[in-house]
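Notes for the one structure printed next.
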Amino acid sequence: MSYQTRTPEFWEGRYQEGTDRWDLGQAAPPFIRLLNAADAPPPGSIAVLGSGKGQDALLFAERGFEVTGFDFAPSAVARAAEVAQTRGLSAQFLQRDIFGLYPEFADRFDYVLEHTCFCAIDPAQREAYVNLVRSILKPQGELIALFWAHDRPGGPPHGTTPDEILRQFTPNFEPAVFERAQDSIASRQNEEYFARFRVKSVLPTGKG
């Protein structure tokens, strides 16, 4: 198994080579639909993991969320910060290894936003990713996600299945919404799943 995806140099190289095909050039349509809906989540603090050039992060910033984006690639972080400044949006972008966010950002965020980060990391890190998401959310926090569940070999992006996603997340999260996305871009039609996973309440010791 290759561990190249665990280095910032790998991801920076993809941006420098122009092979960052995960970047849609716009916010993901399912997130736009979510924020336009009558039951849109109220603004709060949100961590965007693997924020890239900030397309999704800036959408949430436009809607009043307090955004902090994290990414391995310095050029992507710089680009996102530049666009935020140009558009007059309040959003912070940090060049960080997401697996090093705890304990500095423990219980910090109302929301975590996931889009092509789960499929980008080494599959061996998926359990650690779930634990990381849980650790930086507040006790009543929520993961808002668009999972790319393709079945092609190799990666990144690495394949997964809806069953695996649920198996990984349900020990720590309650799936409030988990459904096939209806408005994915053409190249990902029928392969994306939109999710809203809420942190499970922990019962006091001795209470059943």
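The values are calculated or read from the model by the stated rules, or taken from the named source; none is laboratory data. For clarity, every value in this text was computed on a predicted model and none was experimentally measured. When we count neighbours, we look across all protein chains shown, and the Cβ atoms used for this are built from the backbone with ideal geometry, even at glycine.
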- Task: Sort out which residues of the stretch 10-51 are surrounded by 11 or more Cβ atoms within 10 Å (Cβ to Cβ), modelled with pLDDT under 95 and more than 21 Å from ASP183 (Cα to Cα), and write them in order of number.
- Result: PHE10, TRP11, GLU12, GLY13, ARG14, TYR15, GLN16, ASP20, GLY50
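Tally up the residues in the stretch 132-154 that are part of a loop (DSSP other than H, G, I, E, B) and closer than 16 Å to GLU192 by Cβ, please.
Here the count works out to 4.
Could you identify the single residue in ALA149, ALA128, ALA124 that is over 16 Å from the mean Cα position of the chain (by Cα) and either at positive phi or of a type in the set (A, V, I, L, M, F, W, C) (or both)?
Being over 16 Å from the mean Cα position of the chain (by Cα) and either at positive phi or of a type in the set (A, V, I, L, M, F, W, C) (or both) holds for just one of ALA149, ALA128, ALA124, which is ALA124.
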- Query: If you take the residues of the stretch 53-65 that are under 15 Å from the mean Cα position of the chain (by Cα) and charged (D, E, K, R), which of them is farthest from GLU142 (Cα to Cα)?
  - Reply: LYS53
- Selection within the stretch 52-62 - at pLDDT 95 or above and either under 19 Å from LEU132 (Cβ atoms) or surrounded by fewer than 19 Cβ atoms within 10 Å (Cβ to Cβ) (or both): ASP56, ALA57, GLU62
- Of the listed residues (ALA124, ALA128, ALA120, ALA106), the one being aliphatic (A, V, I, L, M) and within 20 Å of ALA28 (Cβ to Cβ) is ALA120
